[in-house]
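Q: Can you read through this structure? Questions will come right after.
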Amino acid sequence: MDPFKIGGKTVRVPLIQGGMGVGISLGNLAGSVAAEGGVGIISTAQIGFREPDFDQHPSEANVRAIQKEMDKARAISPDGLIGYNIMVALRDYKQHVKAAVQAKADIIISGAGLPTELPGLVGDSSTKIAPIVSTKKSAKVILKYWGKKYRRTADLVVIEGPKAGGHLGFKEDELKVYTPEVYEDEIKKIIAVVHSYEEEYQTKIPVVIAGGIHDREDVIHALSLGADGVQVASRFVTTEECDADIRYKQAYLDAKKDDIVIVKSPVGMPGRAILNPFMKRVMLGEKIEHTPCHGCLARCNPAEIPYCITDGLINAAKGDVDHALLFCGAKAYQAQRMETVKEVIDSLFDRKES
């Protein structure tokens, strides 16, 4: 399995660790993955939730934590590839991108909407950029827009399929249409679009596949479709290095296949999560009281939402799993035991003990 390059840096293991907010993939996990040769990714979604002034000044707390978590990651992996996942849907999207550039991120991966402004926000910095796309249409739209407005293209493309965790880039009815076979055809179409921009810009644009990548067979299958690598998220939750509370990790270990369901986020986007007492209350139509607004998502009216996604995800990160939104991928139930990051990567890529 060949390494690939992001800009001038070589990714020794063709793996990107998926960004998981709130507080699941922070500096410790990202640094540990980077130290093993993959790309470590810090999620900026409410990243400052542990800062003492988060309730009063969430925007400032988040920007401050973006640098702090990079510092933690760099202490673990001074020379590894470390970046951020920044959702377009965030109210402070621009501030987060600028803070990530200031923190000398190797790459910014951006989805939950089309990151139309990303090239302009990173400017001529050394930070590379990667859109998350789920369909041929979204790939064509974003790459065409970047080319026309900024005269540049992506440094990497992440194809996130319907088996991913958290917010999904599909409508609910599309999730039923995209069977594994149908979506494989979509992946090939997206890769063909990316290849056309490689030719136009005379550069290699690595493509990684995300969603439902749990074991070595999944990796081999993804690469057989023409991908250069994979993005893995849920598998890293049950690692010793993951930044989440042990009770969050245990919820993954305890989950059965039937416990993993499609849910609606407060802003109407479908997502995948573990069915727990909190989500059962939501599904029964209960409106759950929440804290004062922390200004996370741009399209959110606190007076109308059934529950607060920030509250739900912070409870998850802190281990209050019965009152939490437990985002996960489709194969999270396959986690059987706690592992180290090294053990996960060794098993995914059949690396022998050195």
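Q: Is the stretch 240-260 home to any residue that is modelled with pLDDT of 95 or more and within 18 Å of Gly161 (Cα to Cα)?
A: So the first thing to find is which residues in the stretch 240-260 are modelled with pLDDT of 95 or more, and the list is 240-260.
Okay, now just the ones that are also within 18 Å of Gly161 (Cα to Cα), so 260.
Yes: the stretch 240-260 contains one or more residues that are modelled with pLDDT of 95 or more and within 18 Å of Gly161 (Cα to Cα).
Q: Could you grab me the full set of residues in the stretch 72-83 that are open to solvent by 50 Å² or more (accessible area, probe 1.4 Å), in contact (Cβ under 8 Å) with a residue 12 or more places away in the chain and either within 18 Å of the chain's Cα centre (by Cα) or farther than 16 Å from Gly23 by Cβ (or both)?
A: Selection gives Arg74, Ala75, Ile76.
Q: Here is a further query. If you go through the stretch 266-277 one residue at a time, do you hit one that is in contact with a His (Cβ under 6 Å, 6 or more places away or on another chain), under 20 Å from Leu175 (Cα atoms) and either open to solvent by less than 30 Å² (accessible area, probe 1.4 Å) or outside any strand (DSSP E or B) (or both)?
A: In the first step, residues of the stretch 266-277 are kept if they are in contact with a His (Cβ under 6 Å, 6 or more places away or on another chain); the result is 269, 271.
Filter again for under 20 Å from Leu175 (Cα atoms), leaving 269, 271.
Narrowing further to those that are either open to solvent by less than 30 Å² (accessible area, probe 1.4 Å) or outside any strand (DSSP E or B) (or both): 269, 271.
Yes, the stretch 266-277 contains a residue that is in contact with a His (Cβ under 6 Å, 6 or more places away or on another chain), under 20 Å from Leu175 (Cα atoms) and either open to solvent by less than 30 Å² (accessible area, probe 1.4 Å) or outside any strand (DSSP E or B) (or both).
Q: Name every residue in the stretch 4-63 that is hydroxyl-bearing (Ser, Thr, Tyr), surrounded by fewer than 19 Cβ atoms within 10 Å (Cβ to Cβ) and in contact (Cβ under 8 Å) with a residue 40 or more places away in the chain, in order of residue number. Step through it out loud before you land on a result.
A: The first filter runs over the stretch 4-63 and keeps only residues hydroxyl-bearing (Ser, Thr, Tyr), leaving 10, 25, 32, 43-44, 59.
Narrowing the set further to residues that are surrounded by fewer than 19 Cβ atoms within 10 Å (Cβ to Cβ) leaves 10, 59.
The answer is Ser59, and nothing else.
Q: Which one is surrounded by the fewest Cβ atoms within 10 Å (Cβ to Cβ), of the residues in the stretch 101-137 that are among the charged types (D, E, K, R) and part of a loop (DSSP other than H, G, I, E, B)? First the steps, then the outcome.
A: Going residue by residue through the stretch 101-137, those that are among the charged types (D, E, K, R) are 104, 106, 117, 124, 128, 136-137.
Next cut, part of a loop (DSSP other than H, G, I, E, B) only: 104, 106, 117, 124.
Values: Lys104: 13, Asp106: 22, Glu117: 17, Asp124: 5.
Applying the filter and picking the extreme gives Asp124.
Q: Now a separate question. Across the stretch 121-150, what is the total count of residues that are among the charged types (D, E, K, R) and touching a Pro at 6+ places or on another chain (Cβ under 9 Å)?
A: Residues in the stretch 121-150 being among the charged types (D, E, K, R) and touching a Pro at 6+ places or on another chain (Cβ under 9 Å): 1 in total.
Q: Here is a check on your reading of the model: is Val282 in contact with a helix residue (DSSP H, G or I) (Cβ under 8 Å, 6 or more places away or on another chain), β-branched (Val, Ile, Thr) and crowded, with 16+ Cβ neighbours inside 10 Å? Full working, then the answer.
A: Working: in contact with a helix residue (DSSP H, G or I) (Cβ under 8 Å, 6 or more places away or on another chain): no; β-branched (Val, Ile, Thr): yes; crowded, with 16+ Cβ neighbours inside 10 Å: yes.
For Val282, the condition - in contact with a helix residue (DSSP H, G or I) (Cβ under 8 Å, 6 or more places away or on another chain), β-branched (Val, Ile, Thr) and crowded, with 16+ Cβ neighbours inside 10 Å - is not met.
Q: If you go through the stretch 145-162 one residue at a time, do you hit one that is in a helix (DSSP H, G or I), out of contact with any Asp or Glu (no Cβ under 9 Å at 6 or more places or on another chain), under 27 Å from Ala273 (Cβ atoms) and open to solvent by less than 70 Å² (accessible area, probe 1.4 Å)?
A: no
Q: With respect to Gly169, is the statement that it is at pLDDT below 95 and in contact with an Asp or Glu (Cβ under 7 Å, 6 or more places away or on another chain) true?
A: Working: at pLDDT below 95: yes; in contact with an Asp or Glu (Cβ under 7 Å, 6 or more places away or on another chain): yes.
The answer is yes for Gly169.
Q: Same structure, new question: Inside the stretch 254-265, can you point out the residues that are open to solvent by 40 Å² or more (accessible area, probe 1.4 Å) and either under 23 Å from Val33 (Cβ atoms) or in a strand (DSSP E or B) (or both)?
A: Correct list: Ile262, Lys264.
Q: In the stretch 228-251, which residue that is farther than 17 Å from Asn315 by Cα and of a type in the set (Gly, Ala, Ser) is surrounded by the most Cβ atoms within 10 Å (Cβ to Cβ)?
A: By that ranking, first place goes to Ser234.
The values are calculated or read from the model by the stated rules, or taken from the named source; none is laboratory data. On a predicted model such as this, the values are computed, not experimentally measured, just so you know. So basically every Cβ, Gly included, is an ideal-geometry build from the backbone, and we count neighbours across all protein chains shown. Remember, those area values only see protein heavy atoms, side chains included, never the ligands or the DNA or RNA. Shrake-Rupley method; radii C 1.70, N 1.55, O 1.52, S 1.80 Å.
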